[in-house]
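S.K.: Quick one: this structure, given as C-alpha cells, is what I'll be asking you about.
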Amino acid sequence: MNAAAPTGAWTLERLRADHAPALLDFERENRAYFARTIPDRGDAYFTEFAHRHRALLAEQDTGLSHFHVLITRHGTLTGRVNLIDIEDGSAELGYRIGEQSAGRGTATAAVAEICRLAGSTYGLTRLTAVTTLDNPASLTVLRRNGFTQVETTTVDGRPGIRHERPLAPRN
C-alpha cells in the first residue's frame, strides 16, 4: 500500500522486509536527535535489529499492528508512522520523523495520512497517542490533527499527555 503525501514529497509505505537496511540507517543517523525528546532505544535495538524487524513484520501479519515508513521521492527513508496495540477498533499512534525533514510539515502530513488510512483502510474508530511535555513539536502535530488531551501521564519518568482522536467509520 502506498499513499501519496499531500505535497508529493514522500509516500507512506507499509513496512516490508526490504525496508530493513534503510530503516536501520535511519534509526542510527537520527538516534541522538530522537533521544533529545523521546527515550533512547538502547544499544540492543541496533545489535538485534534484524531479529526485531522480522518480529515487527510477523506482528503486522497478525493484524495487531500496522507499521509504515515515509520514503521521499528521492528514495530516502525519512520517517516512520505506526499503529500498534490494535484492539476493539482502537490503536496507539507512534511516529518518528528524521532530523532532515523536521520542521517542514512532514510529521503533520504523515499523521494526517495515517489517520485517514486508519479509518478508511484499517477500519479503526479511535486513535490514541502519548507524548512528553518537553516535546512541543509532537504536541503541535497531534493538535493539528484533531487529537485532544484526555489525561496526564508519565513516559519513562517524564511528564506527558495522552491524546485521543475519534475517526470516521469506514464507508
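S.K.: Listed residues Gly103, Gly42, Gly79; which is over 27 Å from Leu167 (Cα atoms) and out of contact with any Asp or Glu (no Cβ under 8 Å at 6 or more places or on another chain)?
M.R.: Selected residue: Gly42, the only one of Gly103, Gly42, Gly79 that is over 27 Å from Leu167 (Cα atoms) and out of contact with any Asp or Glu (no Cβ under 8 Å at 6 or more places or on another chain).
S.K.: I'd like the full set of residues that are touching a strand residue (DSSP E or B) at 6+ places or on another chain (Cβ under 6 Å) and either among the β-branched types (Val, Ile, Thr) or within 13 Å of Thr140 (Cβ to Cβ) (or both), limited to region 96-107. Spell out how you get there, then give the answer.
M.R.: First, pick out the residues of region 96-107 that are touching a strand residue (DSSP E or B) at 6+ places or on another chain (Cβ under 6 Å): 96-98, 101, 106-107.
Ile97, Thr106, Ala107, listed by residue number.
S.K.: Being over 15 Å from the mean Cα position of the chain (by Cα) and not β-branched (Val, Ile, Thr) is the filter; apply it to region 65-89 and report the residue that is surrounded by the most Cβ atoms within 10 Å (Cβ to Cβ).
M.R.: For region 65-89, the residue satisfying everything is Gly89.
S.K.: Just to verify a result, which residue in region 90-114, among those that are part of a loop (DSSP other than H, G, I, E, B) and within 15 Å of Leu12 (Cα to Cα), is farthest from the chain's Cα centre (by Cα)?
M.R.: Our first condition is that a residue be part of a loop (DSSP other than H, G, I, E, B); within region 90-114, this holds for 98, 102-105.
With within 15 Å of Leu12 (Cα to Cα) added as a condition, the list becomes 98, 105.
On the way: Gly98: 11, Gly105: 14 Å.
So, considering only residues that are part of a loop (DSSP other than H, G, I, E, B) and within 15 Å of Leu12 (Cα to Cα), the one farthest from the chain's Cα centre (by Cα) is Gly105.
S.K.: With a cut-off of at least 2 residues that are modelled with pLDDT of 95 or more, name the helices (runs of 4 or more DSSP H) lying wholly within region 7-75.
M.R.: Qualifying helices (runs of 4 or more DSSP H): 20-29, 49-62.
S.K.: Another question, then. Restricting attention to region 39-64, which residues are surrounded by 14 or more Cβ atoms within 10 Å (Cβ to Cβ) and in contact (Cβ under 8 Å) with a residue 24 or more places away in the chain?
M.R.: Selection gives Phe49, His53, Leu56, Leu57, Gln60.
S.K.: Whether any residue in region 135-148 is modelled with pLDDT of 95 or more, out of contact with any Cys (no Cβ under 9 Å at 6 or more places or on another chain) and part of a strand (DSSP E or B) is what I want to check.
M.R.: yes
S.K.: In region 90-105, what residues are over 15 Å from Leu23 (Cβ atoms) and surrounded by 21 or more Cβ atoms within 10 Å (Cβ to Cβ)?
M.R.: Ala91, Leu93
The values are calculated or read from the model by the stated rules, or taken from the named source; none is laboratory data. Note that the structure is a prediction, hence the values are computed from the model and not measured. Positions of Cβ are backbone-derived with ideal geometry, glycine not excepted, and every protein chain shown enters the neighbour counts.
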